[in-house]
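Q: Below: one structure in structure tokens.
The values are calculated or read from the model by the stated rules, or taken from the named source; none is laboratory data. Just so it is clear, the model here is predicted, and its values are computed rather than measured. Quick reminder, even Gly has a Cβ in these numbers, built from the backbone with ideal geometry, and neighbours come from all protein chains shown. Protein only, heavy atoms only, side chains kept; ligands, DNA and RNA dropped before computing areas. Shrake-Rupley method; radii C 1.70, N 1.55, O 1.52, S 1.80 Å.
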Amino acid sequence: MASTNYKPRVAIVYASATGNTKAAAEILQHICRQTQVPVSIFAINDFPLAELSRYDVVVIGTYTWGSGEIPKELRGLFTAFEELGHKKLVTAVFGTGDSCYAEFCGAVDRFRDMLFVHTELAATLKVELMPQDLDYPRFEKLAASIEASWQKVMLTATN
Ligand SMILES: Cc1cc2nc3c(=O)[nH]c(=O)nc-3n(C[C@H](O)[C@H](O)[C@H](O)COP(=O)(O)O)c2cc1C
């Protein structure tokens, strides 16, 4: 995300009940920071939904609850994306889950389907429980996909 003069405003917004998704969010924040792009990270309860439209890139981190469901604290954010309907907003969604459940990381799938319709969805990533060292390159790929989508949106805007 460093090759244009304009620095995108990037937010990582996550929900985490037991810490796995928080750890994943912090890995992504660390990787993004290496590209010199300022990244703000918010636990969902600290993120002002009214500010969603002020960001160029929003990355969601979610665990999965119930039977493949979005945690209730993220439902407001889900609706806010639907209502915003901003196709130039670059998004991505990652999640941690437990593959013992029938719908592994079902919340990621639910966000993916909605974000694909309402935003410029860059990529998704599913992680088994607490992220491990071998997941790190997968987060690097996620960051690279986000950057590529951002460059695409910038290019479209200037042509
Ligand atoms: C009651 C309950 C239901 C769950 N349902 C699912 C599920 O449907 N699919 C899944 O992949 N993981 C499911 N999980 C596992 C969590 O999503 C997983 O442990 C996740 O890493 C927790 O993230 P956190 O540490 O950020 O809270 C469930 C966990 C609990 C306790």
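Q: Scan the stretch 30-77 for residues that are under 21 Å from Ser145 (Cα atoms), free of Cβ contacts under 8 Å to residues at least 40 places away in the same chain and crowded, with 19+ Cβ neighbours inside 10 Å and report the count.
A: Number satisfying all stated conditions: 3.
Q: Kindly list, by first and then second residue, each pair from a residue in the stretch 126-154 that is within 21 Å of Thr18 (Cβ to Cβ) to a residue that is in a loop (DSSP other than H, G, I, E, B) and open to solvent by 50 Å² or more (accessible area, probe 1.4 Å), limited to pairs with Cβ atoms under 7 Å and residues at least 6 apart or on different chains.
A: Qualifying pairs under 7 Å: Lys126/Phe104; Glu128/Ser99.
Q: Look through the stretch 90-120, keep the residues that are in contact with a Lys or Arg (Cβ under 7 Å, 6 or more places away or on another chain) and under 20 Å from Val58 (Cβ atoms), and return whichever of them is surrounded by the fewest Cβ atoms within 10 Å (Cβ to Cβ). Don't jump to the end; show me each part of the working.
A: Within the stretch 90-120, the first condition is being in contact with a Lys or Arg (Cβ under 7 Å, 6 or more places away or on another chain), and the residues that meet it are 93, 95, 97, 104-105, 108, 119-120.
Adding the requirement that they be under 20 Å from Val58 (Cβ atoms) leaves 93, 95, 105, 108, 119-120.
Values: Val93: 25, Gly95: 29, Cys105: 26, Val108: 26, Thr119: 22, Glu120: 19.
The extreme case among them is Glu120.
Q: As an exercise: evaluate Asn20 against (1) within 16 Å of the ligand (Cβ to nearest atom); (2) among the polar types (S, T, N, Q); (3) open to solvent by less than 20 Å² (accessible area, probe 1.4 Å) and give the number of the one condition it does not meet.
A: Looking at each condition in turn, Asn20 falls short on (3).
Q: Which is at pLDDT below 95 and open to solvent by 30 Å² or more (accessible area, probe 1.4 Å), of Lys87, Lys141?
A: Only one candidate passes the filter, namely Lys87.
Q: Identify the single condition in (1) in a helix (DSSP H, G or I); (2) closer than 25 Å to Gln36 by Cα that Leu125 does not satisfy, given that it satisfies every other one.
A: (1)
Q: Please identify the pairs in which a residue from the stretch 93-106 that is on the phi > 0 side of the Ramachandran plot has its Cβ atom under 6 Å from the Cβ atom of a residue that is crowded, with 23+ Cβ neighbours inside 10 Å, counting only partners at least 6 apart or on another chain.
A: Pairs found: Cys105/Thr64; Cys105/Gly95; Cys105/Gly97.
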